């Protein structure tokens, strides 16, 4: 089982600021399929601050650039 215990904030994977580990249950099998870390308010604050710093440059991207980014995310997902 793969675990995802860090958050992706400001372009890198970082440890949570005190978040708790949480087992994700597959509803079809009722078995644990992965584990994640539930974020805290401090994690949210870091993510929001990173988004605010990124916005001035991102707002100038074209529709085509944004579409390509979303397609890449979907491809990786």
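Here, each number is a calculation from the coordinates, and none is a lab measurement. Note that the structure is predicted; figures quoted are calculated from it, not measured. Every residue, glycine as well, gets a Cβ built from its backbone with ideal geometry; the counts of neighbours run over all protein chains shown.
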Discussion item. Calculate the FRET efficiency for residue 69 and residue 5 from the Cβ-Cβ distance with a Förster distance of 22 Å, rounded to the nearest 0.05.
Written reply: 0.30
Practice prompt. Please tell me the relative contact order of the chain in percent, rounded to the nearest whole number, where contacts are Cα pairs under 8 Å and at least six residues apart.
Written response: 26 percent
Discussion item. Within a 10 angstrom radius of the beta carbon, how do 77, 8 rank from fewest other beta carbons to most?
Written reply: 77, 8
Response to the item:
In whole percents, the bins of 5 Å from zero upward hold the Cα-Cα pairs of the chain as 3, 13, 15, 18, 19, 15, 10, 5, 2, 0
Worksheet item: What list do you get for 69, 76 if you sort them by fewest beta carbons within 10 Å?
Response: 76, 69
Worksheet item: Modelled label-to-label distance, residue 58 and residue 33, 7 Å Cα→beta-carbon offset: nm?
Response: 2.7 nm
